[in-house]
1. Mind listing the label-point distances from residue A:169 to the same position on all other copies, shortest first, one decimal in nm, points 7 Å along Cα→Cβ?
2. Tilt of helix A:117-131 relative to the longest C-alpha principal axis of chain A, in degrees (0 to 90, nearest 10)?
3. Positive end of the dipole of the stretch B:95-162, charges at C-beta (+1 Lys, Arg; -1 Asp, Glu), about the Cα centre: which of B:138, B:157, B:112 has its Cα farthest in that direction?
4. Let me know the charge dipole size of the protein assembly as shown about its Cα centre in debye, to the nearest 20, where only the beta-carbon of Lys, Arg (+1) and Asp, Glu (-1) is charged.
5. Mind checking which chain A residue has its Cβ closest to the axis relating A to B, and how many whole Å off it is?
6. As I understand it, the value is the acute angle between the Cα axis of helix A:15-30 and the longest principal axis of the Cα atoms of chain A; what does it come to in degrees, rounded to 10?
7. Which value, in debye to the nearest 20, describes the size of the charge dipole of the stretch A:89-187 about its Cα centre when Lys and Arg Cβ atoms bear +1, Asp and Glu Cβ atoms bear -1, and nothing else is charged?
8. In square angstrom, what is the accessible area per residue of chain A with a 1.4 angstrom probe?
Protein chains: 2
Amino acid sequence: MMPPQPTRPYHHGDLRPALLRAAVEAIGHAGPAATSLREVARRAGVSHAAAAYHFGDKAGLLTAVAVEGYRLLTEELRGARDAGFLEMGVAYVRFAVRHRAHFEVMYRPELYRPDDPQVRQARAVTAVLLYGTASPDAGRLAAGAAAWSLVHGLATLWLNGNLPEGLGADPEEITRLIAPYLSIPEQ
Amino acid sequence: MMPPQPTRPYHHGDLRPALLRAAVEAIGHAGPAATSLREVARRAGVSHAAAAYHFGDKAGLLTAVAVEGYRLLTEELRGARDAGFLEMGVAYVRFAVRHRAHFEVMYRPELYRPDDPQVRQARAVTAVLLYGTASPDAGRLAAGAAAWSLVHGLATLWLNGNLPEGLGADPEEITRLIAPYLSIPEQ
DNA sequence: CAGATTATCTTGCCACTGGTTAGATCACGT
DNA sequence: ACGTGATCTAACCAGTGGCAAGATAATCTG
């Protein structure tokens, strides 16, 4: 009589990370704006209120995604740091493509709480890597901003399909093709 | 007895452009994702179904905003064409800042219909200006993509508040500061 | 181990949204 | 004057985010 379904326990036990995974998955399908809190909760097999309990609201969930994104980006950049300046740019673009959902949330501050302490701190750590030092002088600041702008623009244009096809289909290769146009004075 | 209110006529008479203006205004306040069709209609003083009549749906309205945006960008770029390469970059950033609502819609293709014929055509016209010719060779293509990526990245990073304060507060000035790091072979 | 407390999750509700349909109002040509 | 088509409203639907009340389970305390 009793259907032998393994009656999912009332308490999930590991819901917060499960919701985060579900959110990244859902955002990957429909983009951050079109992703609903309820859809994320459905993917995780819980009610939408459970998600609200863990993250407060939708902005809270996306804030958590953004924090995770900055941490992943930091990892990616750290891994390329010793391979030189160009490879850090390639790593930036690779991150944007491989972790598209995270990337798209990170640079849509109206969707989350960019002033959240965890966000600020994670972003600060990333910035140190991007500028090469915690207290860059005016020159390094401008050079860093130029490099960052280039790869960031390239990544977003590629994600939106705004780059001409003649450049090829592999964003990392396009980065290697484009980046040499930037001349950063050595140190 | 009859209140002397000038009883708004049943037919607006000029609703389509009025809705477009209202949309740009609303997007300027809350961003494109958080702007509702109903809010736009309210601003124009009509029911939301009236907006749906003229634009089909929300994506249709945003498609119209995007088309208008590409036309405005084309104008801005044309105005700076004779002043040199750098000034075109400055014009691009100026457009993004002055017409923030348009810009934010244009580069969020998931919010509208990027394959709409009018969009494709308007974007193609813009691309010709950006690459300097309708059929760029491989070199020009890469150089153009580099320049475009740089100013596009700069504009989006500035709009999101992701540039360090040390660079100043005027995005056009920042452009003049940053752009020289790009070395484009003359012709 | 019993009882109380706390953490986690569900149900049910609200106002709002985008989209659709039927019908009201009006402009315009003949 | 009349009808036809264009324009707009009213009313409805399913889906959404957020909130409050309550159910369930884990954990702490004696």
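1. 4.9
2. 30 degrees
3. Final value for the positive-end residue is B:157.
4. Working: 38 positive and 38 negative charges, 244 e Å.
Computed charge dipole of the protein assembly as shown: roughly 1180 debye.
5. That would be A:153, 1.
6. 60 degrees
7. Numbers: 9 positive and 10 negative charges, 47 e Å.
It comes to approximately 220 debye.
8. Details: 9510 Å² over 187 residues.
Solvent-accessible surface per residue comes out at 51 Å².
The values are calculated or read from the model by the stated rules, or taken from the named source; none is laboratory data. Model, not experiment: these values are computed from the prediction. Because the Cβ atoms are built from the backbone with ideal geometry, glycine has one as well, and the counts that use them run over all protein chains shown. These accessible areas exclude ligands, DNA and RNA; they are computed on the full protein's heavy atoms, side chains included. Shrake-Rupley method; radii C 1.70, N 1.55, O 1.52, S 1.80 Å.
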